[in-house]
Amino acid sequence: MTQLRILLAIARVTIHESLRDRILYGVLAFGIGLILLSAVLSNVTLGWPVRIVTDLSISAISISGSVMALLLGVRSVAGEIERRLAYPVLARPISRGQYVLGKFVGVVGTVYLNVLLMAVAATAMIASYSHEGAFQYTVTAYLTTLALLLLKLALIAAIAVLFSCFTSSTVAFIASTGLTLAGHLTGELRFFLGKSESALTRAIGDGLYWTLPDFVTLEALSKLVHEKEILTSQTLAAVAYGSCYLAALLILATTIFERRDLP
Amino acid sequence: MKPRLRERSRSLLVSIMDNPNTSHRLLHDGSTGRVLSLLGAALLAHLIHLSSTVESNGSDATPLAVVDASVSGVLALGHETSLADLYWLELVQYVGANDSTAMQWPLLEALAEKVIRVDPMYGYAYEASGVLLAQAGRTDSSNEILLRGMEHIPERWQLPFFAAFNYWHSMDELDRGADLLLRASKLPGSPRYLASLATRLYSSSGNLDEGLNLLEGALALPLDPLMRTELEKRREDLLVERVLQQTEAKISQYRAKNERPPLSLAELDDPELRAILSSEIGRTIVFDPTLGEVSSPLLPERLLVYRPSDVPEALAAP
């Protein structure tokens, strides 16, 4: 219980620090701006404006949330060490694992707070463009899409925190951005490397496909806008995949940070 | 750049950087005015450039390049549907800003291809592009895109419907149009008149037997009760229409031989016709000797459709 309290205390401090970060508000403004822009764009389309609003609004949340998770994640541990703010905390009876987990929860909490604001704006926008006053999508499908998006953002934050545990914040930002981009392209990587005549290259393609985080698995927006059924079994499988991968990343991050010699 | 000029630029830059009052001076020694003037001139030049581009292209909405959709699809990074929306907006603006009769929308196929390559499930893009291409007179392209849409979204009834319209109205292939209409009529959400229209097309094409076979095939599949009733009614109509057409054929033969219509159907004295008229449907056939026409109360309106090819040239739309 005490350990959980410590973890939450670190998370709370991280949220307070993150909320003072001006760049966060810049990204939030970008996200909300894109959601508002979707309303303007939907007025110049032909046919189905609610699709444009939904697509652009959810994508705005996804892009802004990902940028926030990366920026806050890489600075959570590496930034604290670079500014020597981590040492007084680690000098207390707090394990390094608790510190890393607390930082992760703080980053995810901050991202989720911002996502909540954007989600409220997006939902209001979608509702106002839905036909005949009724919300365009089923509540289950809409909430499932948002829930999977939240899991994806947590995974991105975990990647950023992982790199932040053993490199500088700049290197961590480059590496975690690269891994996040690659995580959106696992299928394409496998496809293109699979075209090679070399068995080794094809094996690398397969290896990357199975080991890199597959963010497409955590994607339900296309089904939502095409009004296809989001199967419960698929959703559960996606949640299990994301949760397991997230847990693995956090364990790896804490293990690395516990063994690291701090300067 | 000559060494002397480079040296002078460098020393100027260093002096600006080293001097803490630089920004203050920039604001107060008239530099602000010069910067704003230059920015204004740049804006003016930009506007001139834009207007000249519009003049040379005929429209400001003409896309400069159609990038490979497969590449941009990869770069969408999980936001394919949003990228497809942006491409769709590009297509809409292109269509809206160009006169179809003058331009024939030469980039329409390429722009539609971008949308559907990035999001192959974008049903409305297939539908609207198909209609626009047909409007631009490119029926083959229209059918190609509509049939591709049917492969990706077989449950969208609008796609076979518009393809059927193309085959019927522009290509005078009533059989193919009827097949597609029948397919559309079986899809959820389709209007009930589609099955009726399909039977009319089959009738007008002269392929009643083919239509009946397809209807029998459709009725053998599991269907919703409303749709089953509708298709059974259409089968009944086709059966009546077949009897009417068979009787009319015999009357035409009689006319050709005797140069007058028969006074009654019994006068035709044809064993095949007698067998037809003795059937349940055949007994309902009514013959009008003054006009030489047959009808049935089971089919108040004959199953025929408007065919553009049948319209005399003088009456055809320009």
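Taking (1) surrounded by fewer than 17 Cβ atoms within 10 Å (Cβ to Cβ); (2) within 21 Å of B:ARG302 (Cβ to Cβ); (3) not acidic (Asp, Glu) in turn, B:LEU214 satisfies each apart from (1). Taking the stretch B:130-154, which residues are under 22 Å from B:PRO191 (Cβ atoms) and more than 10 Å from chain A (Cβ to nearest Cβ)? Result: B:GLY130, B:VAL131, B:ALA134, B:GLN135, B:SER142, B:ASN143, B:LEU146, B:LEU147, B:GLY149, B:MET150, B:PRO154. Listed by first and then second residue, the pairs linking a residue in the stretch B:113-124 that is at the interface with chain A (Cβ under 10 Å from one of its Cβ atoms) to a residue that is of a type in the set (Ser, Thr, Tyr) and surrounded by 22 or more Cβ atoms within 10 Å (Cβ to Cβ), with Cβ atoms under 6 Å apart and 6 or more places separating them unless they lie on different chains, are B:ASP119/B:THR81. A single entry from A:THR186, A:THR177, A:THR170 fulfils the requirement of being in contact with a helix residue (DSSP H, G or I) (Cβ under 7 Å, 6 or more places away or on another chain), surrounded by fewer than 20 Cβ atoms within 10 Å (Cβ to Cβ) and on the phi < 0 side of the Ramachandran plot: A:THR177.
Only residues that are of a type outside the set (S, T, N, Q) and within 12 Å of A:TYR137 (Cβ to Cβ) were counted across the stretch A:38-54, and they come to 3. The residue list B:ASP224, B:ASP237, B:ASP288 contains one member that is of a type in the set (Asp, Glu), modelled with pLDDT under 85 and either touching a strand residue (DSSP E or B) at 6+ places or on another chain (Cβ under 9 Å) or over 23 Å from B:PRO188 (Cβ atoms) (or both), which is B:ASP237. Taking the conditions (1) within 13 Å of chain B (Cβ to nearest Cβ); (2) closer than 24 Å to A:ALA158 by Cβ in turn, A:LEU56 satisfies each one other than (2).
Candidates A:SER164, A:SER169, A:SER176, A:SER243: the one that is over 30 Å from A:ARG83 (Cβ atoms), among the hydroxyl-bearing types (Ser, Thr, Tyr) and in contact (Cβ under 8 Å) with a residue 12 or more places away in the chain is A:SER243.
Of all the residues in the stretch A:15-53, those that are closer than 16 Å to A:SER128 by Cβ, outside any helix (DSSP H, G or I) and more than 10 Å from chain B (Cβ to nearest Cβ) number 1.
As a summary of the residue check, A:SER222 satisfies the conditions (1) within 14 Å of chain B (Cβ to nearest Cβ); (2) surrounded by 14 or more Cβ atoms within 10 Å (Cβ to Cβ); (3) over 30 Å from A:GLN136 (Cβ atoms) except for the one numbered (3). Annotation for the stretch A:228-245: no member residue is modelled with pLDDT under 90, part of a helix (DSSP H, G or I) and among the basic types (Lys, Arg). Of all residues in the stretch A:112-155, those being surrounded by 13 or more Cβ atoms within 10 Å (Cβ to Cβ) and of a type in the set (Gly, Ala, Ser) number 8. Of all residues in the stretch A:189-214, which are part of a helix (DSSP H, G or I), of a type in the set (A, V, I, L, M, F, W, C), closer than 22 Å to A:LYS152 by Cα and at pLDDT 85 or above? Listed by number, the residues that qualify are A:LEU208, A:TRP210.
The values are calculated or read from the model by the stated rules, or taken from the named source; none is laboratory data. A quick note: this is a predicted structure, and the numbers were derived from the prediction, not measured. Glycine gets a Cβ as well: all are built from the backbone with ideal geometry, and neighbour counts include every protein chain shown.
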